[in-house]
C-alpha cells in the first residue's frame, strides 16, 4: 500500500546497513510505523537526513508492506521545534513513552495531536513537568487505559479536594491516610482531570503516580529516560525532575 503526504514525527532512528536508517515514526492516520529510510546516510543525502531529526513535523511518503514501511519521500513542514537542554530530555522522554506504550499500525489521531501540542508547549517554555503529566494522561486515555480522576473507585462519589487517596491502577482512587505510600491529595487528582496545573508538591505526587501506572503498563519495566533524567538532574541539585 502506498501512502502519500502523511503528517509524521520521527521518534527514534538507528543505523541500518551502510547508508540507511531504521526509523520509528508517529503518523496521524496510521499510528506508529517502523520505516526503512534507504540511502539517507550517504554524502549526497545530508539534507534528506536532516529532515528526519526528532521534534520536527514532516510530511512523508511510504510504501507499506506488512509490518515495515519504506520511505519514498520526506519534506519538512514548518520550522523545526528547538528543544535544548532539559527540555530536549523531556522531548526524548515523550518519544520513548510513545514507542514503549503504543503498538504499530494502531491509528491514534488524538495522540498525534497531543504529541504535537506537547512539543509546542515545551518549545515555548511551558513547565516541562506539567506538560509531561498532561501528555501521559492523554496517552493513557488514547490507548484505552485512561485514569479515573474525578470519582472514588469504591463509592462512585466525587473525589474531595481535601481528602487523601492512593491510586490503584486497575481500580482508581481509593481513600487512604495522609502518610500512606504514594498518597495524593484529592485536589491533585482533580487538577489533572480538570487540566489545571497544581502546585509543585502536586506535580511531584502526579509524577510518582504516573510512573507507577506506566510501570504497570510495562509489566514492571522501567523507561530508560527516567534514568537519563535522574542522572542529568542529579548534577543540579536545585532542579526538579520533570
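When each of 144, 91, 66 is tested for being crowded, with 19+ Cβ neighbours inside 10 Å and without any contact (Cβ under 8 Å) to a residue 40 or more places away in the chain, the lone residue that passes is 91. Among the residues of segment 12-26, just one is surrounded by 23 or more Cβ atoms within 10 Å (Cβ to Cβ) and in contact with a helix residue (DSSP H, G or I) (Cβ under 9 Å, 6 or more places away or on another chain), namely 26.
Scanning segment 199-221 for residues that are closer than 21 Å to residue 117 by Cα and either touching a strand residue (DSSP E or B) at 6+ places or on another chain (Cβ under 8 Å) or not in a helix (DSSP H, G or I) (or both) returns a single hit, 206.
Only a single item in (1) touching a helix residue (DSSP H, G or I) at 6+ places or on another chain (Cβ under 8 Å); (2) free of Cβ contacts under 8 Å to residues at least 60 places away in the same chain; (3) exposed (fewer than 15 other Cβ atoms within 10 Å of the Cβ) is not met by residue 53, and it is number (1). Listed conditions (1) farther than 15 Å from residue 12 by Cα; (2) modelled with pLDDT of 90 or more; (3) surrounded by 15 or more Cβ atoms within 10 Å (Cβ to Cβ); (4) under 22 Å from the mean Cα position of the chain (by Cα) are all met by residue 76, apart from (2). The selection criterion, being touching a strand residue (DSSP E or B) at 6+ places or on another chain (Cβ under 7 Å), over 23 Å from residue 95 (Cβ atoms) and in the same structural domain as residue 126 (by TED's automatic domain parsing), does not hold for residue 196.
The values are calculated or read from the model by the stated rules, or taken from the named source; none is laboratory data. Keep in mind the model is a prediction, meaning the values are calculated, not measured. Reconstructed Cβ throughout: ideal geometry from the backbone, glycine too, with neighbour counts over all protein chains shown.
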